[in-house]
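Take this structure, written in structure tokens, and hold onto it; I'll ask about it next.
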């Protein structure tokens, strides 16, 4: 086979969205995960930013396609359309700003109103490298427990737990696939079945995935 062709193959593609207030570090988390870098002078996102990266779970290549939405009210209508067809969401607040934590309930309500009911949601307390915090780890963990979310504190600046947050969310989605939680033929699942490299087994056993004629 040609060099590089297996690397382009993936067993699944998961679509993620990153939501939360303006300035909590959504774009920085995306950049740290996809490019392994941190920009201190990052401008506020206008509209939507996009990134992608391949990861491996159970020896299967999984492509994460990540949409980072602006937190501004004026873009909320755009944001709603991005909930559709997302299999995972990172709900982000800033541990040094209590107001961003207070707004989580509103973000969560909006996500649950507009998204697939089985969307995996990871709650992220970002900027844990800062000494001045207004939200304790315990508060974040309790909010996650009460709402059935996965929880991690991260630092987009030092990269602490960033990799883990994205991959743990993918693991949750992957486990849900194994448990037949999703209708993979529906675009609303946020999951696309890809074509694994030659010589590997198909994700569901059986033959190659069928793609509908458009």
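What is the gain in length, in nm to one decimal, between residue 81 and residue 178 on full extension, counting 0.36 nm per residue of separation less the C-alpha to C-alpha distance? Present the calculation step by step, with values, prior to reporting the outcome.
On the way: separation 97, 0.36 × 97 = 34.92 nm, distance 2.74 nm.
Full extension of this stretch gives 32.2 nm more.
Here's something else I'd like to know. Counting other beta carbons within 10 Å of each Cβ, put 90, 184, 30 in order, fewest first.
Values: 90 27, 184 16, 30 24.
With the fewest neighbours first, 90, 184, 30 line up as 184, 30, 90.
With 10 angstrom as the radius, rank 14, 50, 101 by how many other C-beta atoms surround their C-beta, starting from the fewest.
50, 101, 14
Quote to one decimal, in nm, the extra length available between residue 114 and residue 130 on full extension: 0.36 nm per residue of separation minus the C-alpha distance between them. Each step should come with its number before you reach the end.
Values: separation 16, 0.36 × 16 = 5.76 nm, distance 3.30 nm.
So the extension gain works out to 2.5 nm.
Using the number of other C-beta atoms within 10 angstrom as an exposure proxy, rank 182, 16 with the fewest first. Before the final figure, lay out the partial values.
Working: 182 17, 16 26.
The fewest-first ordering by Cβ neighbours comes to 182, 16.
Let me ask something else. What does the extension gain come out to for residue 105 and residue 195, with contour length at 0.36 nm per residue minus their alpha carbon separation? All intermediate terms of the calculation are to be shown ahead of the outcome.
Numbers: separation 90, 0.36 × 90 = 32.40 nm, distance 3.83 nm.
Contour length minus the Cα-Cα distance gives 28.6 nm.
Since every read-out is calculated from the coordinates, none of them should be taken as a lab result. As the structure is a computational prediction, the values presented were derived from the model and not from experiment. Don't worry about glycine lacking a Cβ; one is built from the backbone with ideal geometry, like all the others, and counts go over all protein chains shown.
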